[in-house]
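Worksheet: the structure to be examined is printed underneath.
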Amino acid sequence: MEAMEHSLGLTESKNFTYEGEISLTSKKILKNINICYETYGQLNKNGDNAILICHALTADAHAAGYHSPNDKKPGWWDAMIGPGKAFDTNKYFVISSNVLGGCKGTTGPSSINPDTNMPFGLDFPVITIEDMVQVQKKLVDFLNVKKLIVVGGSMGGMQAMEWTISYPDMVKSTIIIASTARLSAQAIAFNAVARNAIISDKYFNNGNYYNKDFAPDYGLAIARMVGHITYLCEEAMHSKFGRDFKDGPSFDFGVDFQVESYLEYQGRIFVDRFDANSYLYITKAVDYYDPATKYGSLDVAFKKTNSRFLIISFDSDWLFTPEQSKELVCALIKAGKEVSAIELSSPCGHDAFLIENENQTKIIKSFLKKDEDAK
């Protein structure tokens with residue numbers, strides 16, 4: 001309960017069903033899409049004090065607060081959302097929603113296909129970041145938001161970026177953290193290995209493992225292990241684990257080193273909260289995102305945006321590198337947009353956007369103050 005005093009306290013997830021249909025990038029049609037979301041703070045009468053928080057690969061709508069007094073952990077960005085925090089709920093109406101294709105309440109491959117009354121599985125259409133944003137727009141309209149600030153780290157940064165491109169008249173400010181306009185070949189390769197680990201699991205059953213005795217947990221755990229390697233950096237790995245043994249050399253092929261034990265643990269707990277098919281779909285959406293190719297160049301992609309931008313990167317992030325953030329900054333400058341950028345020093349690798357809360361709070365508050373002063 002003491003920890004709850006420094007958070008928003010008790011929060012709840014809500015659901016909105018968009019009863020129309022949307023045309024996806026793949027030209028497939030989805031109907032009656034459920035969107036799981038949470039909101040914090042109050043929307044003002046003009047509908048223009050909203051902040052949309054876009055989550056990373058395996059997060060969800062529960063960004064802040066606790067769902068019950070017995071929860072051991074708060075929402076995934078609790079340190080950044082709440083009264084007096086970076087995203088101050090005394091000033092802003094903060095929205096967080098689970099992405100299309102997810103497994104935490106928003107329609108995805110584990111949802112029931114109305115045509116078969118069975119889970120979609122791999123019958124769910126392949127989705128893109130653009131499709132995720134299109135679904136978020138339906139939610140934002142339902143909530144009567146007229147103007148908003150969009151924020152995201154990692155995959156969330158891609159969504160924030162796409163908001164400014166797809167809905168330029170709605171987004172007034174954008175904060176992109178530890179992100180990129182397109183994955184490197186190396187990052188795509190890591191995602192491909194992760195997906196192959198899932199698909200190769202003997203219980204994958206072509207994605208039809210729902211309501212079965214066994215699911216592709218082993219493959220999903222390995223996929224998560226691969227992901228965690230990319231989220232840290234060499235310095236963080238050395239600092240946390242070095243070459244320390246767990247109990248000493250076993251002289252077999254079990255878990256010997258502390259780093260192995262850590263990865264095994266991360267994989268084991270992940271399968272309890274995530275769906276293997278969702279991992280396939282969401283990583284593929286990240287792989288596909290590339291507005292520079294879609295529009296001919298990145299600066300052309302940003303031409304119509306009316307947003308101010310803040311770009312934050314971390315010097316130890318080798319997954320979405322500072323150089324990739326600089327590419328964003330250069331394109332925005334070339335497009336004539338207002339952009340601020342900072343590279344923060346951190347030993348935490350890509351995960352820094354979830355950890356370096358104090359430094360990010362100072363920077364974000366300063367950036368948002370311009371919007372507040374303009375009112």
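The values are calculated or read from the model by the stated rules, or taken from the named source; none is laboratory data. Predicted model, so just to flag it, every value in this text is computed and none were measured. Here Cβ is always computed from backbone atoms with ideal geometry, including for glycine, and neighbour counts include all displayed protein chains. The area values use the complete protein model at the heavy-atom level, side chains included, leaving out ligands, DNA and RNA. Shrake-Rupley method; radii C 1.70, N 1.55, O 1.52, S 1.80 Å.
Rounded if a/c is under 1.5, else prolate if a/b beats b/c, else oblate: with a ≥ b ≥ c from the C-alpha gyration tensor eigenvalues square-rooted, which is segment 1-84? Here segment 1-84 falls in the prolate category.
Counting only DSSP beta bridges with both residues in the chain, the antiparallel share comes to about 35 percent.
A 1.4 Å probe run over the protein chains yields, for the chain, 46 Å² of accessible area per residue, whole-number rounding. For the chain, carbon and sulfur atoms together expose 51% of the accessible surface, with a 1.4 angstrom probe and every protein chain in place. Ordered by solvent-accessible area of protein heavy atoms (1.4 Å probe), largest first, the residues Lys369, Lys362 come out as Lys362, Lys369.
Model label points for Ser340 and Tyr265, set 7 angstrom from Cα along the Cα-to-Cβ axis, are 3.8 nm apart.
Quick one: go through segment 41-57 and flag any residue whose amide nitrogen is under 19 Å from the point 7 Å out along the Cα-to-Cβ line of Lys147. 42-53, by backbone N distance to the label point.
Computed over the chain, relative contact order equals 16 percent, with contacts defined as Cα pairs under 8 Å that lie 6+ residues apart. About the centre of its Cα atoms, the chain shows a dipole size close to 1260 debye [charges on the beta carbon of Lys, Arg (+1) and Asp, Glu (-1) only; nearest 20 debye].
Rounded to the nearest 500, the 222 nm mean residue ellipticity of the chain from helices alone is -11000 deg cm²/dmol, with -39,500 (n - 2.57) taken per DSSP H run of at least 4 residues.
When the chain is fully extended, how far beyond the present Cα-Cα distance does Asp315 get from Phe257, taking 0.36 nm per residue of separation?
18.2 nm
Residue order by solvent-accessible surface for Met118, Met155 is Met118, Met155, largest first, with ligands and nucleic acids left out and a 1.4 Å probe. For segment 29-70, the square roots a ≥ b ≥ c of the C-alpha gyration tensor eigenvalues yield an a/c of 1.5 or more together with a/b not exceeding b/c, which makes the shape oblate. Each Lys and Arg contributes +1 and each Asp and Glu -1, all at the Cβ; summed about the Cα centre of segment 284-375, the dipole is approximately 560 debye.
Residue-normalised convex hull volume from the C-alpha trace of segment 132-236: 153 Å³ per residue.
Cα gyration tensor of segment 123-190, axes a ≥ b ≥ c as square roots of the eigenvalues: rounded (a/c below 1.5), prolate (a/b > b/c) or oblate? Oblate is the answer for segment 123-190, as a/c is 1.5 or above yet b/c matches or exceeds a/b.
Remark: for residue pairs Lys104/Lys337; Lys284/Lys370; Lys212/Lys284; Lys304/Lys326, the C-alpha separation exceeds 30 Å in Lys104/Lys337; Lys284/Lys370.
Of Asp123, Asp217, Asp351, Asp247, the order by accessible heavy-atom surface (1.4 Å probe, DNA, RNA and ligands excluded), from most exposed downward, is Asp247, Asp123, Asp217, Asp351. If you plug the beta carbon distance of Val126 and Cys330 into 1/(1 + (r/R0)^6) with R0 = 25 Å, you get a FRET efficiency near 0.20. Relative to a virtual label point 7 Å from the Cα of Lys72 in the Cα→beta-carbon direction, which members of segment 269-308 show backbone nitrogen distances below 16 Å? Within reach of a label on Lys72: 269-274. Modelled label positions at Asn359 and Lys240, each set 7 Å beyond Cα in the direction of Cβ, lie 1.8 nm from each other.
Determine, from the Cβ-Cβ distance of Thr116 and Asn306 and an R0 of 51 Å, the FRET efficiency 1/(1 + (r/R0)^6), rounded to the nearest 0.05.
0.75
Ellipsoid fit via the Cα gyration tensor, segment 85-134: semi-axes of 31, 12, 8 Å, each the root of five times an eigenvalue, largest first. Given the chain, what whole percent of its Cα pairs are spread farther than 39 Å? Result: 14 percent of Cα pairs exceed 39 Å.
Within the listed set Ala335, Ala63, Ala301, the Gaussian network model of the chain (springs between alpha-carbon atoms below 10 Å) gives the highest mean-square fluctuation for Ala335.
For a label point 7 angstrom out from the Cα of Lys45 toward its Cβ, which stretches of segment 77-108 have the backbone nitrogen within less than 19 Å? Label zone hits: 91-93. Counting only Cβ charges, +1 for Lys and Arg and -1 for Asp and Glu, the dipole size of segment 143-290 around its Cα centre is about 620 debye.
Longest stretch of the chain clear of exposed loop sites (GluC sites (Glu not before Pro), DSSP loop, at most 11 other Cβ atoms within 10 Å, sites excluded): 13-375.
With a simple spin-label model that places each label point 7 Å from the Cα along the Cα-to-Cβ direction, the separation between Lys28 and Ile199 comes to 1.5 nm.
Projected onto planes of every orientation and averaged, the convex hull of the alpha-carbon atoms in segment 220-345 covers 10.3 nm².
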